[in-house]
Every structure is written in C-alpha cells, then in structure tokens.
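Student: Submitted below is the structure of interest, expressed as structure tokens.
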Amino acid sequence: AATLVMTNPARQIVMDDFAYEHMGSFAYTGVAGRDVYDGNEVATGDPVFTRMTTMVPITFDYDIAPISSDAALANPEGAVRLDAVISQDNGWSRTVTLTDWTPFVGDEATVTGALDLAQLLALTKTMEEFSGLAYPTYSVEVVATTEVRGDVVQQPFKDEFESSMRFLLSDAQLMPAQNFAPESMDAVTVTRPVERPWSIDLPVLGITVEWAVMRMIAVGSGLLAIALVGVVLGSTALAARGGEVALIAARYGAFIVDAASTEVTFAGRRVEVQRIEDLVKIARQDGLFIVHERDEREDEYGVTRTTHRYHLVQPDVTYSYAVGSSTTGVRVDDPGAPR
C-alpha cells in the first residue's frame with residue numbers, strides 16, 4: 001500500500017458524472033367577462049370559453065440547474081420554440097407553430113406565444129367535412145422544445161428538453177385535460193473526464209481516503225515499521241550482551257514484577273513450562289503478572305551461581321520457567337585459576 005501511494009501522483013484523471021435538472025413551467029391567461037372568474041381574469045388551470053375569447057396567450061419558462069455544486073454549466077445558451085398539436089383518438093393530428101426558435105443566453109429563458117382557438121377549430125371542421133366524421137372534443141397539446149448547450153469541465157455539452165401541457169377543445173371551451181400538468185422537470189447526467197485528487201475507496205468502511213491522507217498513513221506506517229525493527233534489533237543486541245534474562249526483560253517487562261525476597265515459596269501444584277512465551281500467553285489471557293525470582297548461591301568452592309525463575313501463580317497451580325544458571329568467581333584450587 002505504501003508503494004502504491006508513494007508512486008502515484010497527487011491527482012489523477014477519472015471519469016465523473018455531472019447531473020443537471022431541466023425545469024419547465026407553463027402559464028396562460030385570457031380575456032374574461034365580469035364575474036365569470038375569481039379576479040375577473042383567466043388563470044392557469046381555468047377553462048377558456050370561446051364565446052368570450054379565442055386567443056389564449058401562453059408563456060413558457062425554462063431553467064437548467066446543476067444538481068450538485070461541482071456540476072456548474074459554463075457558458076449556457078440555447079433556443080426555445082412553442083408548438084400546438086391538435087389530434088383525435090383515431091390518429092389524426094395537425095401541428096401549428098406558436099413561436100419560431102427563440103434564442104437565449106444563460107441558464108434560463110422565457111418565451112410567449114398565443115393559442116388561436118378559432119384557427120384550431122377551423123382545422124377540425126375541415127377534417128370533419130372531408131371525412132364525414134364529427135367529434136365533440138379534440139386533444140390539444142402545447143409543446144415547448146428547448147435546445148441547450150454549454151461547457152462541462154471545458155468540454156461541449158448539448159441536450160434537448162421537451163415539456164407539454166394538455167387540453168381538451170370543443171366548440172364551447174378549451175379546458176385542462178385529466179393529465180394537465182403545467183410544470184415539468186427532467187434530470188440528465190453526462191460523464192466527463194476530470195482531474196481529481198487520487199483516492200482509494202474502502203467499501204467495508206464506507207469511506208474514500210484521499211492521496212494526502214494515504215500518504216500520511218504510509219509515512220506513519222513506514223516510521224512504525226522502522227521503530228519495530230529498531231526494537232527487534234535492540235532486543236537482539238541486548239540479548240547478546242545480557243543473555244536470555246535481559247531479552248525477557250526487554251520483551252515482556254510489562255508482565256513481570258521482581259520478587260523482594262530471594263526465597264519465594266508457592267503453594268499448590270508446580271508445572272515447569274519450556275518457554276517464557278507460554279507464561280506470557282497465560283498472563284495475557286488471565287490478566288496476571290509473572291513473578292521474577294533471582295536466586296544467588298555460593299558453593300563450597302567460592303563460585304556464585306545465579307538462577308532466574310519466573311512464576312505465574314494461580315490458586316491451585318504455579319507455572320514456572322527457569323533460565324540456566326550463570327556463575328561468578330573462581331574456585332581457589334581450580335587448575336584454571338591464575339597463579
């Protein structure tokens with residue numbers, strides 16, 4: 001991991017998603033007779049009576065906005081147009097242009113057209129005369145088509161958004177259809193290569209760690225490894241100078257207490273273990289300390305022999321480990337003694 005972090009650049013090129021939301025909103029009005037509507041005017045959602053007016057002004061507002069803060073669309077511009085489609089369930093339809101393409105600059109636009117009910121009814125009458133059919137109502141759908149373009153992380157972006165509002169038209173009135181929806185929105189996602197800080201995903205933890213943090217961890221791990229190597233080498237050097245007793249003190253000093261008396265008596269069954277690690281394992285498991293007993297005895301020849309014993313005391317058993325004896329002093333009549 002340390003090699004991976006140290007050999008990777010601080011930043012990398014990745015494919016990233018940028019999400020945007022198109023939003024469209026229709027509104028219409030019309031001339032109204034006194035006391036026919038609240039406020040004496042036609043409002044969005046009201047029926048329009050052909051005896052009072054056949055011209056219905058329609059306004060469409062458009063907006064595009066990033067869903068996330070890093071998805072800003074640079075240099076947005078485009079164009080909007082309005083059309084009306086009158087149709088019947090048998091498949092007949094005619095399209096009437098309400099506005100030509102109207103350009104805009106920025107992330108929002110407004111366009112206004114007029115729905116001519118007399119023109120639409122005339123189209124239905126022509127169809128009925130030639131077909132011999134007659135229908136009480138027709139579907140009218142006002143369609144706003146928006147083309148927008150710009151730059152996403154310095155690369156071209158282009159998209160199209162279509163929004164519509166549906167009515168039912170008869171000789172007497174234009175009324176909102178059952179699925180009438182003056183407002184609409186649509187989300188779009190584009191993928192672009194972007195430069196971001198190098199990172200690693202850790203799904204188990206549910207986090208993403210960036211390069212700078214990983215490098216700190218790698219450096220810290222390296223320093224810890226060096227420290228551990230130093231401890232091992234130091235312990236080895238200590239053992240070389242002081243023998244096994246010094247090595248035990250260096251490695252397991254946290255588990256060991258020195259006995260104050262040179263003669264320690266323990267009750268219960270005695271069990272000799274073969275390795276100091278066995279005592280340490282039991283001490284860790286049971287939360288106990290190991291008693292270090294130092295026994296120095298001088299024999300009849302003047303040689304002092306030191307024995308180190310380590311004891312782990314439990315109520316009914318004592319585990320012990322002994323380190324081989326060391327000697328000091330030289331016997332007076334020893335042939336090897338200096339003369």
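Student: Find the residue count for segment 232-265, including only residues that are modelled with pLDDT under 70 and either among the charged types (D, E, K, R) or part of a loop (DSSP other than H, G, I, E, B) (or both).
Tutor: Of the residues in that region, 6 qualify.
Student: For G150, only one of the following conditions fails: (1) over 22 Å from F49 (Cα atoms); (2) part of a strand (DSSP E or B); (3) at pLDDT 95 or above. What is its number?
Tutor: (3) is the only condition that G150 fails.
Student: Which residues, counting only those in segment 91-113, are out of contact with any Ser or Thr (no Cβ under 9 Å at 6 or more places or on another chain) and over 22 Å from F161 (Cβ atoms)?
Tutor: Correct list: G91 only.
Student: Another question, then. Of all residues in segment 106-137, which are closer than 20 Å to V42 by Cβ and not in a loop (DSSP other than H, G, I, E, B)?
Tutor: T110, V111, T112, G113, A114, L115, D116, L117, A118, Q119, L120, L121 - these are the residues of segment 106-137 that are closer than 20 Å to V42 by Cβ and not in a loop (DSSP other than H, G, I, E, B).
Student: Working carefully through the options V153, V111, V140, find the one that is on the phi > 0 side of the Ramachandran plot and among the aliphatic types (A, V, I, L, M).
Tutor: From the options V153, V111, V140, the qualifying one is V153.
Student: Another question, then. Which count do you get for residues in segment 140-171 that are over 20 Å from I58 (Cβ atoms) and more than 36 Å from the chain's Cα centre (by Cα)?
Tutor: 1
Student: Continuing with the same structure: Is it the case that L312 is among the hydrophobic types (A, V, I, L, M, F, W, C) and either farther than 21 Å from A250 by Cα or not in a strand (DSSP E or B) (or both)?
Tutor: On the way: among the hydrophobic types (A, V, I, L, M, F, W, C): yes; either farther than 21 Å from A250 by Cα or not in a strand (DSSP E or B) (or both): no.
No: the conditions fail for L312.
Student: I need a count of the residues in segment 1-41 that are more than 30 Å from Q173 (Cβ to Cβ), modelled with pLDDT of 60 or more and of a type in the set (G, A, S).
Tutor: Count: 1.
Student: Pull out all pairs, ordered by first then second residue, where Cβ-Cβ is under 6 Å, the residues are six or more apart or on different chains, the first lies in segment 269-290 and is more than 14 Å from Q314 (Cβ to Cβ), and the second is surrounded by 13 or more Cβ atoms within 10 Å (Cβ to Cβ) and among the polar types (S, T, N, Q).
Tutor: E272/S320
Student: Same structure, new question: Every residue in segment 53-76 that is surrounded by fewer than 16 Cβ atoms within 10 Å (Cβ to Cβ) and either touching a Pro at 6+ places or on another chain (Cβ under 7 Å) or free of Cβ contacts under 8 Å to residues at least 24 places away in the same chain (or both), please.
Tutor: S69
The values are calculated or read from the model by the stated rules, or taken from the named source; none is laboratory data. Just so it is clear, the model here is predicted, and its values are computed rather than measured. Positions of Cβ are backbone-derived with ideal geometry, glycine not excepted, and every protein chain shown enters the neighbour counts.
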